1. Name the long-range amide H neighbours of SER154: under 5 Å, sequence gap of 5 or more, or other chain; modelled H, no Pro or chain starts.
2. Which is the longest run of the chain containing none of the GluC sites (Glu not before Pro) found in DSSP loop states (not H, G, I, E, B) with at most 11 other C-beta atoms within 10 Å?
3. Translational diffusion coefficient of segment 128-187 at 4 °C, 1.567 mPa s, Stokes-Einstein with Kirkwood Rh over Cα pairs, in µm²/s as a whole number.
4. Please go through segment 165-250 and write out the trypsin sites (Lys or Arg not before Pro) that DSSP classes as loop and that have at most 14 other C-beta atoms within 10 Å.
5. Express in nm, to one decimal, how much length is gained between ALA232 and VAL189 on full extension, taking 0.36 nm for each residue of separation and deducting their alpha carbon distance.
6. Rounded to two decimals, what is Rg over Rh for segment 128-250 when you use alpha-carbon atoms and the Kirkwood radius?
7. Around LYS90, with a cut-off of 15 angstrom between Cβ atoms, what is the net charge of the other residues, counting Lys and Arg +1 and Asp and Glu -1?
8. Using the Karplus curve 6.51 cos²θ - 1.76 cosθ + 1.60 with θ = phi - 60°, work out ³J(HN,Hα) for each residue of segment 23-30 in order, rounded to whole Hz, and write x for Gly and Pro.
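The values are calculated or read from the model by the stated rules, or taken from the named source; none is laboratory data. Keep in mind that this is a model prediction, so the values were computed, not measured. Glycine gets a Cβ as well: all are built from the backbone with ideal geometry, and neighbour counts include every protein chain shown. Accessible surface areas use protein heavy atoms only, side chains included; no ligands, DNA or RNA. Shrake-Rupley method; radii C 1.70, N 1.55, O 1.52, S 1.80 Å.
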Amino acid sequence: MAVNQDGFLAAAHEVIDRLVRTQREPIAAAAGLVAQCVLGGGVVHAFGTGHSQGLVLEIAGRAGGLIPTNKLSLRDVVTYGDTPAGALDKYVERDPAIAHRIYELAPVQDGDLFVIASNSGGNGSTVEMASLVKQRGHGLIAFTSLDHATAVASRHPSGKHLHDLADVVIDNCGPMGDTLLPLPTGGAVCAISSITAAMAAQMMLADAAALILAAGQTPPVYLSANVPEGDAHNRELEQRYEGRIRRDPS
C-alpha cells in the first residue's frame, strides 16, 4: 500500500469490509444484550484505557446514543475517589487492582451491562475489570482485535485476555499493532481500530434501537446539546436515571 491517503483508504476499506462480512452476528447478539438491559431499566457501563476510550465515548453520552450509559475510566479514582492525580502514571492500565476501585466508585446495580474495549485485550486493569464484572453477574460485551489479542501474552496474572471472559466478542478486525501502512524506513502509520470499533458500536446501537422499538418503547437517546431543544430533552430523560448515571465535564 502506498503511504498516502489513497493507500490508507484502500487498506481501511479492506478492514471495514471484513468487519461487515464477519461481525454482523456478534454485533446483533450484543445489541440484544443492550436492548434487554435498557428495557429492564438497567444502565450500560463502558470502560476502556488509552485510545480505547474513544469507543467508550461512542457508547456513553453522545448525540444519538443511549441516555442510560456511564463512561468509566482510570481517572475515576481521581474524579470520584480520593486518589491524587499525580499517583496515576502511564503504566497504571497494567495494574489489576485499579479495576476494583473503579467498579466500587461506579453507580452499578444488578441488571446493568458492561462494554469493555481493548485492542490487545491483555492489560491488567482491562482483564481484571472483565473478571470482576462477570463475578458480579453482569453481562459483558468486548470490543477487541482478535488478531492482536491472540498473538500477544496477557499482562494479567491469570494469563487471560478480555475475549476469554466476555459473553459477546466483537472483533474490530484490526491487524496486530493496529497500523495499516508500513513505512520503508521501518514502523507503520495509520491506525484503524478506533474507526472500526466506532462503526461496530453504531451498528450495535441501531440494532438495539430496533429491538426497543419492537418491544413498544421509545429508545431513550440523546439529542445534540447544540440544537435548540437538546438540553431540555436530555435533562428530562436523564432525570429518569437520577443517581444511576453521571456526566463529568470532560
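1. none
2. Values: sites that count: GLU229, GLU242.
Longest gap between qualifying sites, sites excluded: 1-228.
3. Details: Rh = 13.0 Å.
In µm²/s, the coefficient is 100.
4. Values: sites: ARG235, ARG240, ARG244, ARG246, ARG247; in loops: ARG240, ARG244, ARG246, ARG247.
Taking segment 165-250 and a limit of 14 other Cβ atoms within 10 Å, the loop trypsin sites (Lys or Arg not before Pro) found are ARG240, ARG247.
5. Extra length available between ALA232 and VAL189 comes to 11.2 nm.
6. Values: Rg = 19.1 Å, Rh = 18.0 Å.
With Rh from the inverse mean 1/r over Cα pairs, Rg/Rh is 1.06.
7. Working: positive: ARG75, ARG94, ARG155; negative: ASP89, GLU93, ASP95.
Residues near LYS90 contribute 0 overall.
8. Per residue, the Karplus-derived 3J(HN,Hα) values read 10, 4, 5, x, 5, 5, 5, 5 Hz.
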